[in-house]
Amino acid sequence: MTHNLNLRPRSNQLLWLWLGYWLGLLILMHVPTAGLRRLSFNYADNIIHLVLYYLLVWLGGRYMFASGRAVSTAKLVGYAGIYGLYAAFEEWSQPFFGRTMSLGDWLTDAAGISLATLWLAFRQRPNAALDRRRQD
């Protein structure tokens, strides 16, 4: 299998975007809540957690697709497990920064991770079929 060299600059941009987003997420999730403005609608915290982790996984998947690496459903599920462990670590470490640990937040993070993983798994299927046809 040959790699398309035109994808490399785009994959580098996506890599830095993904890593920068992940760093920003790490910082955001450890800022003491006393300094944060609270949203007043129901389930705001859950929606924010779901969207933030969905975007983290989606950006990571976009990077993997753009880099030209083979991306299987099993690999996506493995990465989802890593993201889930990271989310658990992030929740566990929050009390050290004046925040509270919450199983509900972790479950919402896991829901965002799962939804993004499902989206990426369905998104990669047509590409995988095309790659198999090219190799034959």
Can you tell me which condition Leu15 does not meet? The list is (1) at pLDDT 85 or above; (2) open to solvent by 70 Å² or more (accessible area, probe 1.4 Å); (3) closer than 16 Å to Arg62 by Cα, and all the others hold.
(2)
Restrict the check to segment 90-104 and report whether at least one residue is over 12 Å from the mean Cα position of the chain (by Cα), under 30 Å from Gln13 (Cβ atoms) and surrounded by fewer than 17 Cβ atoms within 10 Å (Cβ to Cβ).
yes
Please go through segment 97-117 and give me each residue that is assigned to a helix (DSSP H, G or I), farther than 14 Å from Leu56 by Cα and in contact (Cβ under 8 Å) with a residue 24 or more places away in the chain, ordered by number.
Phe97, Gly104, Asp105
If the Cβ limit is 6 Å and pairs must be 6+ apart or interchain, which residue in segment 61-74 that is touching a residue at least 60 places away in the same chain (Cβ under 8 Å) pairs with which residue that is open to solvent by 60 Å² or more (accessible area, probe 1.4 Å) and of a type in the set (A, V, I, L, M)?
Gly68/Leu7
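The values are calculated or read from the model by the stated rules, or taken from the named source; none is laboratory data. Because the structure is a prediction, the values reported are computed rather than measured. Note that we place each Cβ from the backbone using ideal geometry, even for glycine, and neighbour counts take in every protein chain shown. Side chains are part of the model used for accessible areas, which takes the heavy atoms of the whole protein and leaves out ligands, DNA and RNA. Shrake-Rupley method; radii C 1.70, N 1.55, O 1.52, S 1.80 Å.
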